[in-house]
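Below is one structure, written out as structure tokens, with a few remarks after it.
Only the coordinates and a few stated rules stand behind these numbers; no lab work does. Owing to the predicted nature of the structure, the values given are computational and were not obtained by experimental measurement. When we count neighbours, we look across all protein chains shown, and the Cβ atoms used for this are built from the backbone with ideal geometry, even at glycine.
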Amino acid sequence: QKEVEQDPGPLSVPEGAIVSLNCTYSNSAFQYFMWYRQYSRKGPELLMYTYSSGNKEDGRFTAQVDKSSKYISLFIRDSQPSDSATYLCAMRYISGNTPLVFGKGTRLSVIA
Amino acid sequence: DVKVTQSSRYLVKRTGEKVFLECVQDMDHENMFWYRQDPGLGLRLIYFSYDVKMKEKGDIPEGYSVSREKKERFSLILESASTNQTSMYLCASTSPGTGRYEQYFGPGTRLTVT
């Protein structure tokens, strides 16, 4: 079982839809959770950052962490064509100077 | 803003050539990373470094080496390029001292080995 599982998609939605992107993980030692957005032929950029459980909102984006279920989500409200990108989840153990563990990414297309 | 730059956006090399990919960050970050990204395989960690002259193997170090002589610069070396090393290469950096650990990525180098 991989440490982080993420459905690769592709996911295609109409403009204005609510998008839900998800990752599951197996190791309960993960405490830092991130979402990156990657446009085609560009490097990933940090979109959302959360520590431990709970929700975090930033504009149209909401990140949710459910540690009891080992499940994290990214919600995009009022999706726009400019949201079309690959979204990668990433997480990190609570201790030690270790690299992030990434999901494989979900490719999202928002159709105008 | 953190800036991570990579020496080339696109590179075409021949099989057997020695290839150098350079990465520079301007935020005094201690940690630097090299990944390759392939369709269906996601980001795979090749090597990382916690400090100058230090290096750690990632998940797929075979066929690669790295050099970190200065804090801001981390080089990835393909000793003898092969066609299966055709990929998108991404460099990243972070500073554990901030307590946040998010990684900042460069724009990537798309390497084609023919």
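So, counting K/R as plus one and D/E as minus one, what does the shell of residues with Cβ under 13 Å around A:Ala17 add up to?
-1
A 21 angstrom limit on the alpha carbon distance is what I want to check against. Which of A:Lys56/B:Lys3; A:Lys2/A:Lys70; A:Lys42/B:Lys70; A:Lys42/B:Lys57 exceed it? Walk me through the intermediate numbers first.
Working: A:Lys56/B:Lys3 25 Å; A:Lys2/A:Lys70 13 Å; A:Lys42/B:Lys70 26 Å; A:Lys42/B:Lys57 25 Å.
Violating the 21 Å limit, Cα to Cα: A:Lys56/B:Lys3; A:Lys42/B:Lys70; A:Lys42/B:Lys57.
From the P(r) of chain B, can you give the percent of Cα pairs sitting at distances over 20 Å?
So the pairs more than 20 Å apart make up 35 percent of the total in chain B.
Compute the Rg/Rh shape ratio of region B:59-114: radius of gyration over Kirkwood radius, all on alpha-carbon atoms.
1.02
How big is the dipole moment of region B:3-112 about its Cα centre under a simple scheme where the beta carbon of each Lys and Arg is +1, that of each Asp and Glu is -1, and everything else is neutral? Debye, nearest 20, please.
260 debye
Taking amide H positions as placed 1.01 Å from N in the peptide plane, with prolines and chain starts having none, which residues 5 or more places from A:Asp7, or on another chain, fall under 5 Å of its amide H?
A:Asn22
Which residue fluctuates the most in chain A, going by a Gaussian network model with Cα springs under 10 Å, if the choices are A:Lys42, A:Lys56, A:Lys67?
Highest fluctuation among the options: A:Lys42.
I'd like the FRET efficiency for A:Tyr51 and B:Thr86, computed as 1/(1 + (r/R0)^6) with the beta carbon distance as r and R0 of 35 Å, rounded to 0.05.
0.40
Cut-off is 10 Å between beta-carbons; in what order do A:Thr98, B:Thr5 appear when sorted fewest neighbours first?
So the residues, fewest neighbours to most, are B:Thr5, A:Thr98.
For chain A, what Kirkwood radius comes out of the mean inverse Cα-Cα distance, in Å?
Final number for the Kirkwood radius of chain A is 14.1 Å.
At 25 °C and 0.890 mPa s, what whole-number value in µm²/s does Stokes-Einstein give for the translational diffusion of the protein assembly as shown, with Rh from the Kirkwood sum over Cα pairs? Please report the intermediate quantities before stating the final value.
Details: Rh = 18.1 Å.
Rounded, D is 136 µm²/s.
Per-residue mean of other chain beta-carbon atoms within 10 angstrom of the beta-carbon, peptide B:33-40?
Across the residues of B:33-40, the mean count of other-chain Cβ atoms within 10 Å is 3.
Report the net charge of residues surrounding B:His29, where surrounding means a beta-carbon distance below 10 angstrom and charges are Lys +1, Arg +1, Asp -1, Glu -1. Intermediate results must be reported in sequence, preceding the final value.
Numbers: positive: B:Lys71; negative: B:Asp26, B:Asp28, B:Glu30, B:Glu72.
So the environment of B:His29 carries a net charge of -3.
Could you compute the net charge surrounding B:Lys71? Neighbours are other residues with a C-beta less than 12 Å from the C-beta of B:Lys71; K and R count +1, D and E count -1.
Numbers: positive: B:Lys53, B:Arg68, B:Lys70, B:Arg73; negative: B:Asp26, B:Asp28, B:Glu30, B:Asp51, B:Glu69, B:Glu72.
In short, -2.
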